[in-house]
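Here's the structure we're looking at; comments come further down.
The values are calculated or read from the model by the stated rules, or taken from the named source; none is laboratory data. Quick caveat: nothing in here was measured; it's all calculated off a predicted structure. Cβ coordinates were reconstructed from backbone atoms using ideal geometry, including for glycine residues, and neighbour counts include every protein chain displayed. Surface areas here come from the heavy atoms of the whole protein model, side chains and all, with no ligands, DNA or RNA. Shrake-Rupley method; radii C 1.70, N 1.55, O 1.52, S 1.80 Å.
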Amino acid sequence: MNTLMKKILYPIFITFIALLFQNCEPDFDIYADNRDITIAYALLDVHDSIHYVKVYKGFQSTGSPLDDAQNMENLYYFDKITVTLEEYQGKELIQSIVLDTTTSIPRENGTFAAPQQLLYTNNIPFTLDPTATYKLKIVNNETGKVTEGKADIVNDFAIRYPYAMAPMNLLASSAEIQFDAAVNATAYQVYFKFHYLEKKKATGEITRKTIVRDLTSAGFVYAGNAQNGKYAKKFSPYDFYKHLLNELEVDESVVRYKDGAECIEVEVWAGGSDYVKYLEVNKPSTSLVQDRLEYTNLTCPTDENFVTSYGIFSSRTMKERFYDMTNFSEDTLVMATRMRKLGFDYYRNL
């Protein structure tokens, strides 16, 4: 969402700077008429019963854009809009749920106002129907402008392999993760997580921490490539040790341990078509040319010569499975020469 807002605001600021240094008539107005720009972001999950929608508005700055972005009054509509989730079976409207505002979820510090943020949510829990289509509808109560988007729900699926009861052999050079297809999913992201504990030598205080490795950082697993009804992502378990050496710092003040019998986690995310397109467009660029396409699946039916609605309304869901590591894998974590500097001990000694 930060990326979307920046792309909307920056052209205004750049134009202002360029015009400032041009010779022009004293009565020339360098500011265009203010337009109602709506930016919304929402991802529905079939496992959730409480759903959230973030809605921003574009604003015009006559001073410091970064300072103005810290003012919530510039970013949010508050009660000037009505946000609704509509559920459809075909063309039949099944239910319409008007969302209320909440500031209960803090936002991380950054360019925009924080930690307080305004979100729209349902007060009464409801379960998404995976066979239905959902429409997000945002109505400006003052102007009548409508912003809307549609999303099909990514359905539940299962991780099939590695088997849940078998400890994972991290000394293997090759392995694969197998999972079923999720209805309405276009692509999948696969993460390998290591959960570990840090115990302070001085106080005995224990902190749980996690190292995350994106197994699909070089590219998603795309739908349509299933074999025998399953998708598979190959990876090297042995790279786990190299990843730890790259990510963890030497800290002589703590002793580290694997986090029990569920220290390894495999996490698979399934994403809907529009969400995957949004991620592809907004992923980090390796090109010297930083200008890129803008992707949005939100529309305003009354737009004519300019777009006034940006953002993404889509669906995703996640499955996870936990594993222990084999005894030999823990031996390598604790005793291998190159690993000793990280300060791991056997979990049984905790």
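Annotations for the structure displayed:
- Listed by first and then second residue, the pairs with beta-carbon distance under 8 Å, at least 6 apart or on different chains, first residue in segment 319-348 and open to solvent by less than 50 Å² (accessible area, probe 1.4 Å), second assigned to a helix (DSSP H, G or I) and of a type in the set (Asp, Glu), are Tyr323/Glu262; Asp324/Glu262; Tyr346/Glu330.
- On inspection, Ala132 fails the criterion of being under 30 Å from Arg321 (Cα atoms), touching a residue at least 12 places away in the same chain (Cβ under 8 Å) and open to solvent by 10 Å² or more (accessible area, probe 1.4 Å).
Conditions (1) of a type in the set (Val, Ile, Thr); (2) within 30 Å of Leu85 (Cβ to Cβ); (3) modelled with pLDDT of 95 or more, marked per residue:
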{"position": "Thr302", "(1), (2), (3)": "yes, yes, no"}
{"position": "Tyr310", "(1), (2), (3)": "no, yes, no"}
{"position": "Arg316", "(1), (2), (3)": "no, yes, yes"}
{"position": "Lys319", "(1), (2), (3)": "no, yes, yes"}
{"position": "Met325", "(1), (2), (3)": "no, no, yes"}
{"position": "Asp331", "(1), (2), (3)": "no, no, yes"}
{"position": "Ala336", "(1), (2), (3)": "no, no, yes"}
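- Note on segment 155-185: residues that are hydroxyl-bearing (Ser, Thr, Tyr) and more than 21 Å from Glu262 (Cβ to Cβ) amount to 2.
- Residue check for Ile153: out of contact with any Gly (no Cβ under 9 Å at 6 or more places or on another chain) and open to solvent by less than 20 Å² (accessible area, probe 1.4 Å): no
- Of the strands (runs of 3 or more DSSP E) contained entirely in segment 69-181, those carrying at least 2 residues that are closer than 30 Å to Phe240 by Cα fall at 159-161, 175-180.
- Scanning segment 299-318 for residues that are touching an Asp or Glu at 6+ places or on another chain (Cβ under 9 Å) and either more than 30 Å from Pro130 (Cβ to Cβ) or free of Cβ contacts under 8 Å to residues at least 12 places away in the same chain (or both) returns Val307, Thr308.
- Test: residue in segment 256-267 that is on the phi > 0 side of the Ramachandran plot and either assigned to a helix (DSSP H, G or I) or out of contact with any helix residue (DSSP H, G or I) (no Cβ under 8 Å at 6 or more places or on another chain) (or both): yes
- Scope segment 169-211; condition under 18 Å from Phe344 (Cβ atoms) and of a type in the set (Val, Ile, Thr); matching residues: Ile206, Thr207, Thr210, Ile211
- Residues in segment 162-174 that are surrounded by fewer than 17 Cβ atoms within 10 Å (Cβ to Cβ) and touching a residue at least 40 places away in the same chain (Cβ under 8 Å): 7 in all.
- Residue tally, condition of a type in the set (Gly, Ala, Ser), open to solvent by less than 40 Å² (accessible area, probe 1.4 Å) and within 15 Å of Val268 (Cα to Cα), over segment 180-208: 3
- Among residues of segment 142-167, those that are over 29 Å from Thr127 (Cα atoms), in contact with a strand residue (DSSP E or B) (Cβ under 8 Å, 6 or more places away or on another chain) and among the aliphatic types (A, V, I, L, M), counted: 1
- Of the numbered criteria (1) at pLDDT below 90; (2) in a loop (DSSP other than H, G, I, E, B); (3) open to solvent by 20 Å² or more (accessible area, probe 1.4 Å), the one Ser61 fails is (3).
- Meets criteria (among the aliphatic types (A, V, I, L, M) and surrounded by 16 or more Cβ atoms within 10 Å (Cβ to Cβ)) for Ala270: yes
- Breaking point among (1) under 21 Å from the mean Cα position of the chain (by Cα); (2) modelled with pLDDT of 95 or more, for Ala172: (1)
Results for (1) under 21 Å from Thr127 (Cα atoms); (2) open to solvent by less than 70 Å² (accessible area, probe 1.4 Å); (3) at pLDDT below 90, shown as yes or no for each residue.
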residue	(1), (2), (3)
Tyr10	no, no, yes
Phe13	no, yes, yes
Gln22	no, no, yes
Pro26	no, no, yes
Ala42	yes, yes, no
Thr82	no, yes, no
Tyr88	yes, yes, no
Lys91	yes, no, no
Ile97	yes, yes, no
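- Scanning segment 209-255 for residues that are assigned to a loop (DSSP other than H, G, I, E, B) and open to solvent by less than 40 Å² (accessible area, probe 1.4 Å) yields a total of 6.
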